[in-house]
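The values are calculated or read from the model by the stated rules, or taken from the named source; none is laboratory data. Just so we're clear, the structure is a prediction, and the values are computed from it rather than from any experiment. Glycine also receives a Cβ, built like all others from the backbone with ideal geometry; neighbour counts cover every protein chain displayed. With ligands, DNA and RNA removed, areas are computed over all heavy atoms of the protein, side chains included. Shrake-Rupley method; radii C 1.70, N 1.55, O 1.52, S 1.80 Å.
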Amino acid sequence: MRGGGTSQAGQAIGPGVIVDTSKYLNRLIELNAAERWARVEPGIVLDELNAQLKAHGLRFAPDISTASRATVGGMMANNSSGARSVLYGKTIDHVIAQEVVLADGTVTALRALSSDELDAKCSGAGLEADCYRVVRDLAREHAGEIDRRFPKVLRRVGGYNLDEFVPSKRPFNLAKLMVGSEGTLGVVLEATVNLVPLPSAKAVLAIQFAELLEALEAAPVILRHGPSAIEVMDRFILNHTRQSPQLHTLRETFIDGDPAALLCVEFYADRQEDLPPRLNALEKDLRDRRLGYRYYHALDLPAQGRIWTLREAALGLSMAMKDDAKSLSFVEDTAVAPEKLRDYIEKFLGIIERHQTSAGVYAHASVGCLHVRPVVNMKTEEGVRKFESIANAVSDLALEFGGALSGEHGDGLVRSPFMQKMFGPVLYEAFRTVKRTFDPDGLFNPGKIVDAPPLTSNLRYGPAYRAAQPVTFFDYSEFGGIAGAVEMCSGLGACRKKLDGTMCPSYMATREEADSTRGRANVLRLAMTGRIGEAGLGDQGVYDVLDLCLECRACKAECPVGVDVARFKSEFLADYWARHGVSLHARMLGNARTIAEWGSRFAPISSWVMNSAPAKSLAERWFGIDRRRALPAFAPRTFARMAPPSPSSDAPAGWQAVVFNDTFTNYYEPEIGVAVLEVLRAAGIRAGLASHGCCGRPQISKGLLGDARALAERNANELYPHAAAGRQIVFCEPSCLSAMREDAPSLLRGEARKKAEAVAAVCVLFEEVAAAAIGRLSLKAGPPEILLHGHCHQKSMGLLAPAKALLARIPGSTVVDLDAGCCGMAGSFGYAAEHFEVSRAIGERKLLPAVRGRKPGSVVVAAGTSCRHQVKDFTGERAVHPAVLLQSLIVERTE
C-alpha cells in the first residue's frame, strides 16, 4: 500500500501490486471538532486534511516537510513525526483507532481495549484472535528485553512497536502496532485520529553559527526555553539554495553572509506579545554562553513563512547535485538523545571523512534526529562498497550512543537489513513471529522490517547501470548529458501537491502518478536504461506518458531540483518524429506563424471559415483540433501596420527599447502591441518595434527542434544589434520571452550561442519595464478589484511579482493574485481533442470558478494569450492584457 510515494527507505517498492491510496481513499469522513478527533481515509494528503480543519482551529499534529503530498496512511505506516515532534510526538501518539483488513479478508476495528475485552479477543478463534494473543504474549514474555533493547529516545520508529504492549503500560490497542508497520501486517481502510488546536501566536529566532558542532551544542540549552521546534541546516545545505533564484531570494531576507550552520527556533504562545520576551531571553542566554553570532527575530507570519519555506526545501536541496555522486538518504534519520547529539554528529562526520566523502546535515535538533546524507556515486563498485560500509559503521555508532537507526523515515529496504543488529536476536525473532502471525502467506509488503533482502540487492543504480546518451538539440552538458538531467528527479514528489502553485497541472486534474513530473521522469529514465522491457525512447507508451505534459515549465521552477520535463518532452518528440514521421497536428501547430500570416491576409473571411462547422469537423479529423474550441480570430491589420509611428526626432539609433513583435500579437491581438508601445512612450521610454518574427515556442513545444534551432539563430542575428546597443527587448507574451531567454541559447552552439545569450540578457517582459516606469504615468482610478492570473511561463521565470507591483500602483484598485495554477490551455495543448477534458478540468480547479464568481466591476488580467482564450471559451468573460488595462487608464503623458 502506498500514499504519496515519498518514503526515503524503499517502503513501497518490491514485487507485487502497488496500490496508490491517494486518488480514491482520500476523504475526511467525520469530524468532531468539540472532542478534537477526525475519521479519515488513508489516502488523504496532510495539507488537504489540515486545510479542511483550519476553519475549526484544528490540525493533525505531525507536520512533516512533505505535507503537500504525504498521506495520513503513509504517515501511519512510517510513524512520521516532523519539525514539532518535541511538542507533539509522533503519529502513533495521535492515532486513536483504525479499521483494518487482515490477511484472511477479515475487516476489524482496532481500538483501545479493557482487560476483559482483550481476554475475550484472545480467547476467540481465527486470525484476528491469533493476532491479539501473539502480540499480548510476546510483549509479556519479552518485557525485560524490550526495556533493554528499545532505544530510549522519542524518535524511534524501527521494528514493530512491541513496547506499546508491555503489561501495565497503557490500554491494549493493536492500532499502535499497525502504526509503523509499513503495510506489512494489513491494509488500513480508515483511521480515527486525534487533533490539536492551531497555535494562537508564533515566532521564530534564526541563529547563525560559525561551526555546525557549536549549533548542536546549543540545542540542549535552547530546549530549556520550551521551543516548539529547533531545526538545523548546515553550510552544505545552505549553499545549495544559491542554485535556485527563488530560494536564494528567500535566503537573503534573513541570512547574512555564509554561516556554517543555521538553527531555526520556533516558539508558540497564547498571545503575540508574550513572544518577544522569550526570544530576547533565549538570545541573551546564548550570547552569555558565546553560542551563535547573529540572531534574526521573525515575529510576523510572512517572515516566518520565508524561513520555513527554505527549511522545507532542504530535502530537495540536499539532492540537487548534477554529478553522478549524489547526496543519499540511506543513513539519514538516526536519532540520539539531544544532549548526546553534538558528540554523536562529531563521530558521524568522522565516519564520513574516513570514507573520503562529504554530507549535508539538517532537520530536527530538538529531538536529536538529524538527516545526514553522505555523497556517494552508486554507479561505481567503489561507491556501492562505500555505501554499504558507511551504513554498517553508522548502525554501530547508533548502537554505541543508545540511539535509533530509524528515527523518522522507517525501515523499508534500507534499514530492515539492520533490524537484528539493532534489536538483538530475541526481539528480531519476536518481530518475525508478529509478521508470520498477521501475514502467514507473506502477502503484505514482504521484505520490510523482517526477512529483508541484502542492502545492495535493490539498487536504482549500480556498477552495471547504463543509460542511453542520444544526441540532443538542447545542451545538457552541465548534467553530463540528458540522462543525467533526467536522473535529477529524486522522487521526493513535490509535483504531487494540489493546493497551491502550478506544478503539475495535469496531475492535479487526473491524480495519476504517470501524469506527475516524477512519473514522467521515471518513465524516461527507465526507457533510457532499458528497464521497461522492449520499450525505448521511440516507444508509443513513453509518448503517451509525456502527452499530458502541458510544458508549463512549472517543474523547472517549483521542483526543488529543477527537473525540466517540458524540455525533456520537446527533446523526446524530436527523436520520436525522426523515428516515426511528424504528425499533421504537430506540423500544423508548430508552424503557427505561417498559418497566422495567411489567415491575417484574408481576414475576416478566414476567421469565419475556420470557425464554421464543416471546417471544425475537418480540423478535428485531420489535425486533432477539438471542434468545441473557438479558434482565435485573425486580425485584418497586423501590429506591424498598426504600430503608432515614433516621434520624427526619435530615430532608431535613439531607441531605449524595442517591442518584440510576436506571432500572437502581430496577427491576432495587435491592440496589445499598440497598448504596450503607447504605455512605454507615455512613461517617457523611447520605444520602437523590432522586426517581427516567431520566437520558436510553437516549434519547441511540438518537438520541431531543427526548425526551432534555425529560428533561434536567425533571431539572435537580427536582435543582437539591439543587445549590443544596450536596448531592452520588451515582450508582450510570457511564452515568447521564455523561448528567447531560456530555450534559444541552449539550442545553439559557438558564436551563435554567445549572441543568443547577449540577446537573452536584455529580453524583458512588459510588466518588468512598466513596473519600473509607472511612476511617470498619470492614471485615473482603475477597477475596484483586479483578478490577476499569471501565465505559467511568467511564474516559472519569477516574473509574477513585477506584474503584481505594476497593477498595485493603479489608483483605487485592489489586486488579487488568484494563484490558480495553470489555466489548462497551455498554448496549443488545450486545442487537441484528446486533451479537451483534461484542459477543462485544470481550468475548473481554481481559475474558471474565480472568474465566474468575480465581483461586479472587477477585471481579470492575464498576460498570456492562451490564458485569455481559456477564460473566454469556458466562461464567456473577457480577460485583458495588463498593457491594455493601463492604456485605458492613462490621462496624460509626462516626460
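For the reader, a short list of remarks on this structure follows.
- Sub-7 Å Cβ pairs linking a first residue in the stretch 43-55 that is without any contact (Cβ under 8 Å) to a residue 40 or more places away in the chain to a second residue that is charged (D, E, K, R), at least 6 apart or interchain, are 44/27; 50/59, ordered by first then second residue.
- So residue 373, is it assigned to a helix (DSSP H, G or I), surrounded by 19 or more Cβ atoms within 10 Å (Cβ to Cβ) and touching a Gly at 6+ places or on another chain (Cβ under 8 Å): no
- Scan the stretch 632-659 for residues that are touching a residue at least 40 places away in the same chain (Cβ under 8 Å) and under 38 Å from the mean Cα position of the chain (by Cα) and the total you get is 4.
- Matching residues in the stretch 850-871 - criterion: being open to solvent by 50 Å² or more (accessible area, probe 1.4 Å) and within 21 Å of residue 795 (Cβ to Cβ): 854
- Tallying residues that are open to solvent by 50 Å² or more (accessible area, probe 1.4 Å) and either in contact with a helix residue (DSSP H, G or I) (Cβ under 6 Å, 6 or more places away or on another chain) or part of a helix (DSSP H, G or I) (or both) within the stretch 729-749 yields 1.
- Pair list, Cβ under 8 Å, 6 or more apart: the stretch 785-804 residue within 10 Å of residue 767 (Cα to Cα), other residue surrounded by fewer than 24 Cβ atoms within 10 Å (Cβ to Cβ) and charged (D, E, K, R): 799/768; 800/817; 802/768; 804/817
- Scan of the stretch 558-588 for residues that are open to solvent by 30 Å² or more (accessible area, probe 1.4 Å) and of a type in the set (A, V, I, L, M), ordered by number: 578, 582, 584, 588
- Inter-residue pairs, beta-carbon under 7 Å, first over 18 Å from residue 1 (Cβ atoms) and in the stretch 429-444, second modelled with pLDDT under 95 and not hydroxyl-bearing (Ser, Thr, Tyr), 6+ apart: none
- Of everything listed in (1) under 16 Å from residue 191 (Cβ atoms); (2) surrounded by 14 or more Cβ atoms within 10 Å (Cβ to Cβ), the single unmet condition for residue 20 is (1).
- All conditions but one from (1) among the small types (Gly, Ala, Ser); (2) open to solvent by 10 Å² or more (accessible area, probe 1.4 Å); (3) within 22 Å of residue 235 (Cβ to Cβ) apply to residue 393; the one that does not is (3).
- Any pair with Cβ under 8 angstrom, 6 or more apart, that starts in the stretch 474-488 at a residue that is farther than 12 Å from residue 321 by Cα and open to solvent by 10 Å² or more (accessible area, probe 1.4 Å) and ends at one that is of a type in the set (Phe, Trp, Tyr) and part of a helix (DSSP H, G or I): 482/568
- Residues of the stretch 750-796 classified as open to solvent by less than 20 Å² (accessible area, probe 1.4 Å), touching a strand residue (DSSP E or B) at 6+ places or on another chain (Cβ under 8 Å) and among the hydrophobic types (A, V, I, L, M, F, W, C), total: 9
- Criterion violated by residue 874 - all others in (1) in contact with a strand residue (DSSP E or B) (Cβ under 9 Å, 6 or more places away or on another chain); (2) open to solvent by 30 Å² or more (accessible area, probe 1.4 Å) satisfied: (1)
- Residue ID - surrounded by the most Cβ atoms within 10 Å (Cβ to Cβ), chosen from residues in the stretch 418-443 that are part of a helix (DSSP H, G or I) and charged (D, E, K, R): 435
- Selection from the stretch 681-704 of residues that are assigned to a helix (DSSP H, G or I), surrounded by fewer than 24 Cβ atoms within 10 Å (Cβ to Cβ) and among the hydrophobic types (A, V, I, L, M, F, W, C): 682
- Test: residue 8 is in contact with a strand residue (DSSP E or B) (Cβ under 7 Å, 6 or more places away or on another chain) and open to solvent by 20 Å² or more (accessible area, probe 1.4 Å): no
- Residue among 581, 599, 538, 562 that alone is over 33 Å from the mean Cα position of the chain (by Cα), closer than 30 Å to residue 486 by Cβ and among the small types (Gly, Ala, Ser): 581
- Qualifying residue in the stretch 436-447 (condition: more than 14 Å from residue 185 (Cβ to Cβ) and more than 34 Å from the chain's Cα centre (by Cα)): no
- Matching strands (runs of 3 or more DSSP E) fully within the stretch 750-799 where at least 2 residues are over 30 Å from the mean Cα position of the chain (by Cα), modelled with pLDDT under 95 and farther than 28 Å from residue 849 by Cβ: 777-779
- Note on the stretch 163-180: residues that are surrounded by 17 or more Cβ atoms within 10 Å (Cβ to Cβ), more than 20 Å from residue 73 (Cβ to Cβ) and out of contact with any Leu (no Cβ under 6 Å at 6 or more places or on another chain) amount to 2.
Residue-wise test of (1) more than 19 Å from residue 186 (Cβ to Cβ); (2) over 23 Å from the mean Cα position of the chain (by Cα); (3) touching a residue at least 12 places away in the same chain (Cβ under 8 Å).
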position	(1), (2), (3)
2	no, no, yes
10	yes, no, yes
25	no, no, yes
34	yes, yes, no
37	yes, yes, yes
58	yes, yes, yes
64	yes, no, yes
67	yes, no, yes
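- Any hit, the stretch 91-102, residues being without any contact (Cβ under 8 Å) to a residue 24 or more places away in the chain, surrounded by fewer than 22 Cβ atoms within 10 Å (Cβ to Cβ) and not in a helix (DSSP H, G or I): no
- For the stretch 541-589, filtering for residues that are within 15 Å of residue 738 (Cβ to Cβ), aliphatic (A, V, I, L, M) and part of a helix (DSSP H, G or I) leaves 4.
- All positions within the stretch 329-354 that are in a loop (DSSP other than H, G, I, E, B) and either closer than 26 Å to residue 87 by Cα or open to solvent by 40 Å² or more (accessible area, probe 1.4 Å) (or both): 329, 331, 332, 333, 334, 336, 337
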